[in-house]
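A quick write-up on the structure given underneath.
The values are calculated or read from the model by the stated rules, or taken from the named source; none is laboratory data. If you're wondering where the values come from, they're calculated on a predicted model, not measured in any experiment. Here the Cβ is made from the backbone with ideal geometry for all residues, glycine too, and neighbour counts use every protein chain on show.
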Amino acid sequence: MKAEDKNRLVQALDLIEDYFGNGYKRPPAVYAFTGGPVRSEAAVPAESAGSPALSEGDSAGSPQEDSLDRIAGEIGLCTGCPLHATRNKAVPGEGVSRPLALVIGEGPGADEDASGRPFVGKAGKLLDKMLSSIGLSREQNCFIANVVKCRPPGNRDPLPGETLACSPFLTRQIVLLRPLAILSVGRVSTGLLLNTGAGIGKLRGRFADYQGTPLLPTYHPSALLRDESLKRPAWEDLKTFKAKLDELSASVFGEK
Ligand code: URA
């Protein structure tokens, strides 16, 4: 058997073991918790230091050679847009390496910039609660990422050039993570992923397609903190998301 085929077989067996061995909620021990404080810079090849975000195809080779750790390392060293100059820590994202769901937000705020971890401030605590209400968590079955990996000063929206420079990192993360479904929280991530300028109020609650993966736009948790009346529709969206995940899990794995 060729080495390439052998690798594929090992990967497939690994996947089957993960999914069938542990059911819908998989124990954290099975997964790498890939995020957390930004990766040690020493772990990143020196030649990638200072390189801007890579575009698809000119990354470090084929998708098989790419890895979440490698991407996190490159993000930690990225100088591809002006946001690097004002960041304390870059925030690559965190969660399990084979998530049921990928949650995508806008960009780090002050707490995230200080810790190097996504969604750890007030909005993050609410996001964790929302996810937990439908059986999801970053420790067990989710990955949480942002469109831009460095904090826009004063929590302003990322500028188009910043999003453009950073989005190849997100693209590579999505390719590696292969989530069953994506939950896009807020206007900025939804606008980028669906290439639309429509408002989130119009887009939320209905699944769209992101390159073959179902993507559900919903309100950003910060919006829910500002406006309580959005909590009910957001809850409806979460139920819609959970129903889709259940359906996909059943069709892919034969059970919930
Ligand atoms: N808001 C976001 O969009 N992302 C974070 O990581 C934190 C707050």
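Values as computed for the structure displayed
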item: From the options A223, A165, A208, A250, residue that is at pLDDT below 95 and not acidic (D, E); result: A250
item: Tally, over the stretch 177-211, of residues that are part of a loop (DSSP other than H, G, I, E, B) and either within 16 Å of the ligand (Cβ to nearest atom) or under 16 Å from the mean Cα position of the chain (by Cα) (or both); result: 6
item: Of all residues in the stretch 141-157 being near the ligand (Cβ under 10 Å from one of its atoms) and either of a type in the set (F, W, Y) or without any contact (Cβ under 8 Å) to a residue 60 or more places away in the chain (or both), the one that is surrounded by the fewest Cβ atoms within 10 Å (Cβ to Cβ); result: N155
item: Output for the stretch 80-138, where each listed residue is β-branched (V, I, T) and farther than 21 Å from L176 by Cβ; result: T86, V120, I134
item: The stretch 118-139: number of residues that are surrounded by 23 or more Cβ atoms within 10 Å (Cβ to Cβ) and of a type outside the set (A, V, I, L, M); result: 3
item: The stretch 134-149, residues that are under 8 Å from the mean Cα position of the chain (by Cα) and among the β-branched types (V, I, T); result: I144
item: Output for the stretch 101-130, where each listed residue is assigned to a loop (DSSP other than H, G, I, E, B) and within 10 Å of the ligand (Cβ to nearest atom); result: E106, G107, P108, G109, R117, P118, F119, V120, G121
item: Index of the failed condition, Y219 passing every other in (1) free of Cβ contacts under 8 Å to residues at least 12 places away in the same chain; (2) within 21 Å of A101 (Cα to Cα); result: (1)
item: Residue match in the stretch 189-200 (condition: β-branched (V, I, T) and either touching a strand residue (DSSP E or B) at 6+ places or on another chain (Cβ under 7 Å) or crowded, with 18+ Cβ neighbours inside 10 Å (or both)); result: yes
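Yes/no matrix, rows are residues, columns are (1) surrounded by 14 or more Cβ atoms within 10 Å (Cβ to Cβ); (2) more than 16 Å from the ligand (Cβ to nearest atom); (3) over 22 Å from the mean Cα position of the chain (by Cα); (4) of a type in the set (S, T, N, Q):
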{"position": "P214", "(1), (2), (3), (4)": "yes, yes, no, no"}
{"position": "P217", "(1), (2), (3), (4)": "yes, no, no, no"}
{"position": "E228", "(1), (2), (3), (4)": "no, yes, yes, no"}
{"position": "L245", "(1), (2), (3), (4)": "yes, yes, no, no"}
{"position": "S249", "(1), (2), (3), (4)": "yes, yes, no, yes"}
